[in-house]
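This report refers to the structure that appears directly beneath it.
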Amino acid sequence: MNKQEAIQTVLNSRSLAIVGASNSTEKFGGMTMETIINGGYTGQLFPVNPKSHEIMGIKAYNRLMDIPGTVDTVVIIVPARFVADVLRQAVKKGIKGAIIMTAGFKEFGRMDLEEELLEISRTHGIRIMGPNIQGVTYLPNKMNAMFSPVFKQHGPLAVITQSGSVTTALAEWAERDGVGITAAINLGNQTDICEADYIDYFADDPQTGTIVCYLEGIKNGPKFLSVLKRAVAKKPVVILKTGRTEDGVKSAASHTGSLAGNHAVFKGICNQYGATCVKKLTQLYDAAKGLALIKPPQGNRVVILSTSGGSATLASDEAESNGLNLPSLALETKKELGTIGLGAMAHITNPLDMPANSSHLYLKAAQIIDKYDLADIILFNFADPVMDADENFVNAIRMLTASVSVCCCGGGKLELSSTLVMGKAGTAVFPAPERAMSGIGAAVRRSMFLKRRNMDQGGVV
C-alpha cells in the first residue's frame, strides 16, 4: 500500500485496535480511549490489554490476533521496547496502518528502535504514523485518535504539526472560534509517513480548504518542494517553520530529532511557490483563517469601518506591512455617508470612525462603500460591544461585492459569543485589529499569486 492509500485508509478507518488501552484516564491508553469515545467515533473499537476483560464498557482482548475479523488501523500506546513486537502482530493480522503514539525513539537517542520499525514497514508494507505523536484526528470520520482533547467542530483547516501542543492550540482556537478543522495531524518522528505525504493528501481532500503546517524540519527536501508546488496550485498552504536561529535549530533536534535546515532559503522558495510563510503561532492561525474564510479579494484596497478611533489606528498601522492600501473616500461617497445618521462624533474618512452599538449602521455604510467600488476588502472593526453582530449580519455582508472580514475585540461574553456565531457562519473573525490585517494580507497575497500564475499561463484574469 502506498502512502496516499495508507493515509486514506487510516483517516477513514471503520475499526481501530487500541493496544495499550486502559480503564485509567491517568494513563495515555485510557486518555486515548476516552477521547475516541467522547469524539463520537462510530466505527468498531477493539481495546487490547492482557490484564483487562473490558475497558470503558467495551470488550477487551489479550492480543491483536484474538480480535475477530479484520481491523483497519492499530493505535499503539505501549513502552517503546514493545512497539516492534506489536507492529509484527499487526502485520500478521493484516492491518495496513499504524498510529504509534509511543515516545522514546530517535528523539531519545534510540535510533535502533526506530530503525527496527522502519524495517518492518519496508519489509511488510504496513505504513506508520509517528512514533512520538499525540495522535491523529479526522473529523469527517469523527475519529479523534489522540490523547486529548476532543474536537467536534468540523471546518476547513487541515492542521499538520511536529508538536502536540501546537496541534492542540491551533485546533482548539479553531473550535473556540467556530471555524473548525478537517484534520489534526501530529507528525512526531516521521519514521515512515512524513509532512510532504500529508500535504500531498490534503491537497486532494475535498473536505479541506486550507493546509496549516508547523514544521521543525523537512524529511526530504526535494520531495517536499515538489509536493508543495502542486498543493499550492490547488489550495492555500500556510507554514510556520522553526529553526530561524541557532538555538531554534538545537531545540528542534532535541524535540523530534529534526534537522531544521537553512530558514532563509526555505522561506524564499516557499514564497516563490505561493505558500504563506509566517514567524509566529498567532500569525499561522490568523493567516489560515483569512485564507480559508475570506472571499478571494480582487485587489488590496481596504476600507475600515470602526467603532473606535484607537482600534482603527492599530489596524491602519499594519496596512503597509501587509501589502494593503487604505484608499481615501471620494467626496460623493462622503456626502452619501453623511445622510445615514452616523452622528456628530463620526469621522467620515478611511478608517471610518463611527461609534455605534448596532451593526445596522455599519452595514449601511458598507453598502455605500460597495456601491462606489472603493474597497476590495471591508473590515468591520468592532472594538466595542456590537449587539447584533450575528448570523443575520453575516448573511447581509455576504451580499456585498467586496470581500469582508471582522475584528471583534469588544471584550467579555459578547465578544466570545459573537465570534463563535459569525465564525460558524463562515466569516473570518479576528480578536485584534492588527491580527485582522494580517489575515487579510494573507488572503490578498494568495489572490494576487493566483492572478499572476493565471496570466503567466496565458489565462484570462
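Hey, can you tell me all the residues within the range 198-212 that are surrounded by fewer than 24 Cβ atoms within 10 Å (Cβ to Cβ) and either among the charged types (D, E, K, R) or assigned to a strand (DSSP E or B) (or both)?
Within the range 198-212, ASP200, ASP204, ASP205 qualify.
Hey, any hits in the range 276-293 for a residue that's assigned to a loop (DSSP other than H, G, I, E, B), crowded, with 18+ Cβ neighbours inside 10 Å and either at pLDDT 95 or above or not hydrophobic (A, V, I, L, M, F, W, C) (or both)?
no
Condition first: over 15 Å from PHE380 (Cα atoms), in the same structural domain as LEU361 (by TED's automatic domain parsing) and not polar (S, T, N, Q). Can you find one or more residues in the range 308-317 that meet it?
Yes, the range 308-317 has at least one match.
Is there a residue in the range 75-89 that is among the β-branched types (Val, Ile, Thr), more than 19 Å from GLY164 (Cα to Cα) and free of Cβ contacts under 8 Å to residues at least 40 places away in the same chain?
No, there is no match, as no residue in the range 75-89 is among the β-branched types (Val, Ile, Thr), more than 19 Å from GLY164 (Cα to Cα) and free of Cβ contacts under 8 Å to residues at least 40 places away in the same chain.
Report whether or not ILE378 is part of a helix (DSSP H, G or I), touching a strand residue (DSSP E or B) at 6+ places or on another chain (Cβ under 6 Å) and not acidic (Asp, Glu).
Spelling it out, it is not the case that ILE378 is part of a helix (DSSP H, G or I), touching a strand residue (DSSP E or B) at 6+ places or on another chain (Cβ under 6 Å) and not acidic (Asp, Glu).
Return the residues of the range 358-397 that are within 20 Å of GLY310 (Cβ to Cβ) and among the acidic types (Asp, Glu); say none if nothing qualifies.
Matches in the range 358-397: ASP384 only.
Give just the number: which of (1) crowded, with 16+ Cβ neighbours inside 10 Å; (2) part of a loop (DSSP other than H, G, I, E, B) does GLU26 not satisfy?
So the condition that GLU26 fails would be (1).
Within the range 1-12, can you find the residues that are assigned to a loop (DSSP other than H, G, I, E, B) and closer than 20 Å to HIS124 by Cα?
The answer is MET1, ASN2.
Among the residues of the range 397-405, is any within 21 Å of GLU434 (Cβ to Cβ) and more than 32 Å from the chain's Cα centre (by Cα)?
no
Is the range 30-49 home to any residue that is assigned to a loop (DSSP other than H, G, I, E, B), free of Cβ contacts under 8 Å to residues at least 60 places away in the same chain, among the small types (Gly, Ala, Ser) and surrounded by fewer than 20 Cβ atoms within 10 Å (Cβ to Cβ)?
Within the range 30-49, none of the residues are assigned to a loop (DSSP other than H, G, I, E, B), free of Cβ contacts under 8 Å to residues at least 60 places away in the same chain, among the small types (Gly, Ala, Ser) and surrounded by fewer than 20 Cβ atoms within 10 Å (Cβ to Cβ).
Could you please give the count of residues in the range 168-208 that are over 28 Å from ASP112 (Cα atoms) and of a type in the set (Ser, Thr, Tyr)?
Here the count works out to 4.
Being surrounded by 22 or more Cβ atoms within 10 Å (Cβ to Cβ) and either hydroxyl-bearing (Ser, Thr, Tyr) or not in a loop (DSSP other than H, G, I, E, B) (or both) is the filter here; which residues of the range 65-85 pass it?
If the condition is that a residue be surrounded by 22 or more Cβ atoms within 10 Å (Cβ to Cβ) and either hydroxyl-bearing (Ser, Thr, Tyr) or not in a loop (DSSP other than H, G, I, E, B) (or both), then THR73, VAL74, VAL75, ILE76, VAL83 are the ones that fit.
What single numbered condition from (1) assigned by TED's automatic domain parsing to the domain that holds HIS360; (2) more than 14 Å from ARG445 (Cβ to Cβ) fails to hold for VAL302?
All conditions pass for VAL302, except number (2).
The values are calculated or read from the model by the stated rules, or taken from the named source; none is laboratory data. This structure is a prediction, so every number in the text was calculated from the model and none was measured. So basically every Cβ, Gly included, is an ideal-geometry build from the backbone, and we count neighbours across all protein chains shown.
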